[in-house]
Amino acid sequence: MAKRKSSHYSNLRRLSYTGILVALGIVFGDIGTSPLYVMKAITGVNPGYNPDYIIGAVSCVIWTLTLQTTVKYVLLALSANNKGEGGILALFALLRKHHRKWLYIIAAIGAAALIADGVITPAITVTSAIEGLSIVSTGIPVVPIVIFIIVSIFILQQAGTGKIGRYFGPFMLAWFLMLGILGACNIVICPAILKAFNPWYAFKLLVNYPGWFLVLGAVFLCTTGAEALYSDLGHCGRKNISISWIFVKITLILNYLGQGAWLVAQTGTPLKDTNPFYAIMPHSFIIIGVIMSTGAAIIASQALLSGSFTIFSEAMNLGLWPRLKIKYPSGEKGQLYIPAVNWTLLAGCLVTVVIFRDSSHMEAAYGLAITVTMLMTTVLLTLWHRTRGISYVLCGLFLSFFATLEGIFFAANMFKFTQGGWFTILIAGIVGAVMVIWFNAIKVRGRFVEYRPLAEYSELICSIRNDKEIPKYASNLVYFSRSPEPGMIESKIAYSIINKQPKRADHYFIIRFISDDAPDTLEYEADIVEPDAIYIVTMRLGFRINPLTSIYLRQVVEDLVTDNKLDLTSTYPSLKAKNIPGDFRFIIIHRVFSMSSTCHRKTALLMQLHDMLKHLGITDQSALNLDTSVVTLETIPLIINTSSPRRISPSGQ
């Protein structure tokens with residue numbers, strides 16, 4: 001038996017100046033652009049505000065950032081990593097072997113809601129940034145400019161960010177410094193805003209203001225990037241994110257305080273939809289501010305797109321989504337591009353801009369879906385703490401506190417459902433439904449696969465190999481198996497070799513793919529069933545690894561040849577004389593649900609939905625990255641019989 005392993009460790013995960021700078025550019029784009037619209041949303045709830053309202057609202061923002069982002073995500077969630085990788089699906093992969101079967105529903109709902117949030121984030125951030133131009137000139141067409149920028153972001157995404165990505169960190173460093181300096185300069189307008197550090201003012205606002213639910217819906221927007229922060233753990237590492245968050249949080253709070261101080265100073269003055277983010281800037285600085293805001297919005301959108309690609313890549317390998325074509329625009333870790341996802345998200349963003357037109361209306365659609373993701377993450381984090389031996393009491397306190405907090409935010413955001421919240425919930429519902437259906441269909445199909453010991457067929461297969469009366473099908477014949485055990489194969493593979501059309505070959509390879517719960521696992525084991533004849537190759541792939549089958553098999557074959565366990569030279573005399581290796585042919589067995597099955601209607605419907613959803617993805621040949629290989633697709637019926645069919649009898653009996 002041969003065994004090879006490979007692993008990748010990113011230097012960026014180590015605590016360093018470079019790692020912190022990269023974290024600023026990748027991790028905090030979403031949450032870092034929240035000052036563009038949070039205070040505007042808060043004043044939109046109560047245009048006739050008084051100083052206590054603003055101080056209480058800013059206090060809510062400060063303590064939401066502290067409890068939700070700092071405590072839950074930075075201090076607690078970042079420690080719940082799957083070999084350095086974070087995010088709700090990485091957490092699900094870590095837990096699925098230890099907990100109940102319904103866990104996939106929690107993961108699917110959370111991931112779907114995060115995707116829905118990713119549709120509206122580029123729209124609201126870019127729109128909020130460009131709206132600053134209206135201060136300079138009221139006649140500037142905001143929507144066409146926003147559409148142009150968003151389309152450009154998605155078009156450039158297919159080229160990757162390998163070359164320009166190095167500038168994201170320095171740019172975001174300048175962005176956060178700008179936020180902090182502008183905010184600090186405006187605090188002196190009304191030092192009373194510093195009372196916001198006292199949580200009593202937040203409590204007093206929520207008790208005394210009748211529309212406190214609407215206020216919380218606006219306040220929650222300040223922490224919408226926290227889940228993305230957790231998802232980007234694998235790119236930058238826990239220490240770099242934790243240290244850089246200290247700086248980011250300080251600058252964010254300073255900016256919120258500055259906007260709050262300016263608003264208090266304007267008490268009684270009609271604002272006419274003025275965005276306090278731009279209002280605290282000197283008039284001569286506004287153009288620079290718009291440019292900086294647009295750049296930050298583009299970086300935030302790009303980071304969120306990369307996160308969406310990662311989510312779908314993980315979902316595919318965890319059996320939650322049909323296989324999609326994945327491209328790698330650069331050699332940098334985490335740099336992947338999924339065309340179908342990119343263009344679908346672009347369509348969603350454009351629809352968002354066209355429907356809602358301005359950031360004020362988009363705020364109504366923003367935040368609702370992400371509260372769902374945060375609630376699902378809270379449930380998974382609670383289960384993770386239990387696997388670490390944390391007591392039921394402490395786990396219960398954690399679950400109760402954060403589920404209550406996020407439940408209140410969810411209820412508050414539900415007040416915005418008819419104004420736009422329906423949009424993201426609709427997107428999340430569609431994505432989540434596909435995930436749940438696909439996962440269950442794969443599980444049901446797997447239950448009706450018959451596995452047999454390969455040893456039962458090895459002697460006959462070797463006889464076929466040596467039977468010169470049978471035309472040679474290929475020098476090397478490769479099949480794919482999902483067998484849970486290395487010594488077992490699907491009975492249909494044996495049927496294809498022996499019965500359907502006897503296939504003579506010099507070597508038979510059975511490739512087994514095993515999905516590993518670790519993200520970057522890439523290893524194989526080669527079992528020799530019959531020397532120089534039959535091999536079982538088990539490829540164990542992490543949930544972030546793309547199955548580059550041809551490349552990996554070539555590497556395995558090279559190792560076997562090097563170890564003198566395989567003679568790859570063609571047996572055709574003319575080719576053998578020149579020491580030319582034999583050809584490879586891949587056989588993919590595709591099982592199509594048969595309507596002659598006698599199963600429950602629910603199972604039949606699930607199988608039909610699976611066959612429909614399969615069209616969302618790519619072919620098995622492309623999914624296995626066999627595009628340039630010689631591939632034969634054999635279609636066989638999948639007959640699911642849960643009851644005995646009626647037997648036909650001779651007439652007259």
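Taking every residue in the stretch 17-30 that is under 15 Å from residue 234 (Cβ atoms) and open to solvent by 10 Å² or more (accessible area, probe 1.4 Å) and pairing it with any residue that is assigned to a helix (DSSP H, G or I) and aliphatic (A, V, I, L, M), at least 6 positions away or on another chain, the pairs with Cβ-Cβ distances below 7 Å are 22/12; 26/303.
Restricting attention to the stretch 368-377, does a residue exist that is modelled with pLDDT of 90 or more, among the aliphatic types (A, V, I, L, M) and touching a Gly at 6+ places or on another chain (Cβ under 6 Å)? The answer is yes, given that some residue of the stretch 368-377 is modelled with pLDDT of 90 or more, among the aliphatic types (A, V, I, L, M) and touching a Gly at 6+ places or on another chain (Cβ under 6 Å).
Out of 211, 234, one residue alone is open to solvent by less than 10 Å² (accessible area, probe 1.4 Å) and among the small types (Gly, Ala, Ser). It is 234.
Each row is one residue, and each column tells you yes or no for (1) free of Cβ contacts under 8 Å to residues at least 60 places away in the same chain; (2) under 18 Å from residue 184 (Cα atoms); (3) of a type in the set (Gly, Ala, Ser); (4) in contact with a Pro (Cβ under 9 Å, 6 or more places away or on another chain).
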| position | (1), (2), (3), (4) |
| --- | --- |
| 228 | no, no, yes, no |
| 242 | no, no, yes, no |
| 266 | yes, yes, no, yes |
| 298 | no, no, no, yes |
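Filtering the stretch 590-628 to residues that are farther than 15 Å from residue 441 by Cβ and either in contact with an Asp or Glu (Cβ under 8 Å, 6 or more places away or on another chain) or aromatic (Phe, Trp, Tyr) (or both) leaves only 621.
Results for (1) at pLDDT below 90; (2) more than 15 Å from residue 216 (Cα to Cα); (3) of a type in the set (Val, Ile, Thr), shown as yes or no for each residue.
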residue	(1), (2), (3)
388	yes, yes, no
397	no, yes, no
415	yes, no, no
420	yes, yes, no
436	no, yes, yes
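Among the helices (runs of 4 or more DSSP H) confined to the stretch 327-432, the ones with at least 1 residues that are more than 24 Å from residue 124 (Cβ to Cβ) are located at 339-356, 368-387, 392-414.
Residues that are over 30 Å from residue 541 (Cβ atoms) and of a type in the set (D, E, K, R) occur in the stretch 249-256; there is at least one. If I filter the stretch 250-264 for residues that are closer than 15 Å to residue 65 by Cβ, modelled with pLDDT of 85 or more and surrounded by fewer than 19 Cβ atoms within 10 Å (Cβ to Cβ), do I get at least one hit? Yes, the stretch 250-264 has at least one match.
Of all the residues in the stretch 475-514, those that are buried (at least 19 other Cβ atoms within 10 Å of the Cβ) and either polar (S, T, N, Q) or on the phi > 0 side of the Ramachandran plot (or both) number 5.
The values are calculated or read from the model by the stated rules, or taken from the named source; none is laboratory data. Remember, it's a predicted structure, so these values are computed and weren't measured experimentally. Please note: Cβ atoms are built from the backbone with ideal geometry, for glycine as well, and neighbour counts cover all protein chains shown. The area values use the complete protein model at the heavy-atom level, side chains included, leaving out ligands, DNA and RNA. Shrake-Rupley method; radii C 1.70, N 1.55, O 1.52, S 1.80 Å.
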